[in-house]
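These notes concern the structure reproduced below.
The values are calculated or read from the model by the stated rules, or taken from the named source; none is laboratory data. Small disclaimer: the values here were computed from a predicted structure and weren't measured. With ideal geometry, Cβ positions are generated from the backbone for all residues, glycine too; neighbour counts draw on all protein chains shown. Surface areas here come from the heavy atoms of the whole protein model, side chains and all, with no ligands, DNA or RNA. Shrake-Rupley method; radii C 1.70, N 1.55, O 1.52, S 1.80 Å.
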Amino acid sequence: MFLAHLLRQAGVEAVVLEMRSRDYVEGRVRAGVLEQHTVRLMHRLGIGDRVAREGLVHAGTTLCVDGEPFHVNFSDLTDGGAVTVYGQSEVMKDLNVAADRRGIEVIYEAADVTPHNLDSHAPVVTWKTRGEPQRLECDFVVGCDGYHGVCRASIPADHVKTFERIYPFGWLGILADVPPCNHELIYANHPHGFALASMRSPTRSRCYLQCSLGDRVEEWSDQRFWDEFTVRIGAQYSARVTRGPSFEKSIAPLRSFVCTTMRWGRLFLAGDAAHIVPPTGAKGLNLAVADVVVLGDALAAWYGAGDDRGLETYARRALDRIWKAERFSWWLTNLTHRFPDMDVFDRHMQIAEFAYLRESRAAQTSFAENYVGLPLDF
Ligand code: DHB
């Protein structure tokens with residue numbers, strides 16, 4: 001949807017094919033931390049009013065190690081940098097309302113979407129709407145269809161290069177209409193495992209616990225969740241935890257994944273279709289936005305001046321940022337989680353890394369500049 005708006009601004013016509021319904025897309029619970037570039041792009045696209053009004057600007061975060069908190073101040077360390085807490089579902093609503101207003105064509109509940117002739121100059125996409133076959137001839141296909149999507153799978157297997165790391169735990173997340181236990185996020189590393197205190201608004205908490213891969217949601221009653229959460233988040237914050245019934249509870253596995261084949265003929269991959277980060281650090285949505293900023297520019301130059309240099313260098317330029325976000329998400333996951341196969345040496349490395357972060361402004365600056373978002377030109 002970001003790319004559709006970027007292309008519309010450049011005068012390029014695009015059609016968005018969405019497998020799900022609009023209600024599903026606008027209700028789907030995902031991360032909720034926007035880098036400053038993502039917010040800047042929303043303003044640039046004329047969809048920034050609500051995030052400016054309702055988004056919660058966070059100028060820092062707290063890391064809590066074995067119950068001992070320390071604060072990292074992003075704004076001091078990055079010359080005024082900050083992130084904005086604003087749910088992905090809210091971003092989707094803003095994109096969709098503006099798409100309606102601008103007449104951007106979005107086809108919901110498109111079934112059996114299949115790209116064809118991707119290695120020719122005349123790709124075609126076919127799909128079904130309410131069982132009726134449909135067909136679209138186009139110049140380019142952009143696969144923004146996620147990890148399980150059809151686009152990456154359309155590239156011949158011997159041309160696809162991928163890199164992957166699977167983590168030996170999951171995240172159990174809940175949403176509850178209770179005030180957050182702190183005005184900013186808390187990332188906690190506790191002997192029982194990782195915990196994250198996040199939020200969606202001053203009255204809505206989003207909290208996560210590291211869990212075993214084999215755990216099932218039904219095994220985690222709200223009572224068990226809050227009992228464990230208050231232990232892991234540390235004594236200083238546990239007294240401020242307001243318990244309440246969850247209205248969303250799910251378990252997600254953690255994975256790092258990069259497909260370096262981001263172009264195949266007239267197909268370009270963006271977002272989760274090309275890369276997955278573990279959720280720690282909330283880079284997923286932001287990284288997808290960064291991809292389409294680069295791709296939107298490249299497509300605009302092709303349509304405007306017949307210049308294909310941007311398209312030729314898209315994968316290289318996008319991957320430069322992708323690998324850095326992969327590194328940061330991997331690093332923060334390694335720092336904050338208890339791995340089942342950790343030995344005493346690994347644990348000492350974590351303790352030393354935390355100690356260094358606590359004491360060194362240089363180390364904190366590195367953390368902060370990655371968290372608020374590495375530079376993105378547009
Ligand atoms: C959220 C998720 C994250 O992965 C993170 O690092 C911070 C916040 C969230 O969903 O609120």
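Annotations for the structure displayed:
- Electrostatic dipole magnitude of segment 281-342 [Cβ: Lys, Arg +1; Asp, Glu -1; Cα centre; debye, to 20]: 300
- Peptides 95-103, 185-193 ranked from most to least packed by the mean count of surrounding Cβ atoms within 10 Å: 185-193, 95-103.
- Ranked by the mean number of other Cβ atoms within 10 Å of their residues, highest first, the peptides 279-292, 110-123 come out as 279-292, 110-123.
- When both segment 313-368 and segment 1-48 are represented by their alpha-carbon centers, they are found 29 Å apart.
- Karplus-derived HN-Hα couplings along segment 117-134 (A = 6.51, B = -1.76, C = 1.60, θ = phi - 60°), whole Hz, x at Gly and Pro: 6, 5, 8, 10, 8, 9, x, 9, 10, 10, 7, 10, 10, 6, x, 8, x, 10
- Each Cα pair under 8 Å and six or more residues apart adds its separation to the average, and for the chain the resulting relative contact order is 20 percent.
- Calculated FRET value between Ala52 and Asp377, using beta carbons and R₀ = 25 Å, to 0.05: 0.65
- For the chain, taking the reciprocal of the average inverse distance between every pair of different Cα atoms yields a Kirkwood hydrodynamic radius of 21.9 Å.
- With all protein chains modelled, accessible area of Cys181 [1.4 Å, Å²]: 10
- Estimated 222 nm signal from helices in the chain, with DSSP H stretches of n ≥ 4 weighted -39500 (n - 2.57), rounded to 500: -11500 deg cm²/dmol
- Farthest toward positive dipole pole in the chain [+1 Lys/Arg, -1 Asp/Glu at C-beta], among Gly304, His58, Ala111: His58
- The aspartates and glutamates whose alpha-carbon is closer than 13 Å to the alpha-carbon of Lys93, local same-chain residues fewer than 8 away aside, are Asp23, Glu26, Asp49.
- Principal axis dimensions, largest first and in whole angstrom, of segment 233-323 by Cα: 61, 24, 23
- Using Cβ point charges alone (K and R +1, D and E -1), the dipole size of segment 32-182 about the Cα centre works out to roughly 280 debye.
- Here segment 115-187 yields Rg over Rh of 1.20, to two decimals, using C-alpha coordinates and the Kirkwood radius.
- Arg263 sits with roughly 80 Å² accessible to a 1.4 Å probe, with DNA, RNA and ligands left out of the calculation.
- The charge dipole of the chain, taken about its Cα centre with unit charges on the Cβ of Lys, Arg, Asp and Glu (plus for the first two, minus for the last two), comes to roughly 300 debye.
- Per residue accessible area in Å² of segment 246-378, where ligands, DNA and RNA are left out and the probe is 1.4 Å: 42
- Aspartates and glutamates with Cα under 13 Å of Lys128, excluding same-chain neighbours fewer than 8 positions away: Glu18, Glu109, Asp112
- For the pair Val160 and Ala305, label points projected 7 Å from Cα toward Cβ lie 3.6 nm apart.
- Ranking Ala315, Leu269, Pro279 by Cα position along the charge dipole of segment 224-354, where only Lys, Arg, Asp and Glu carry charges on their C-beta atoms, puts Pro279 farthest toward the positive end.
- Separation of segment 104-152 and segment 76-92, taken as the distance between their Cα centroids, equals 32 angstrom.
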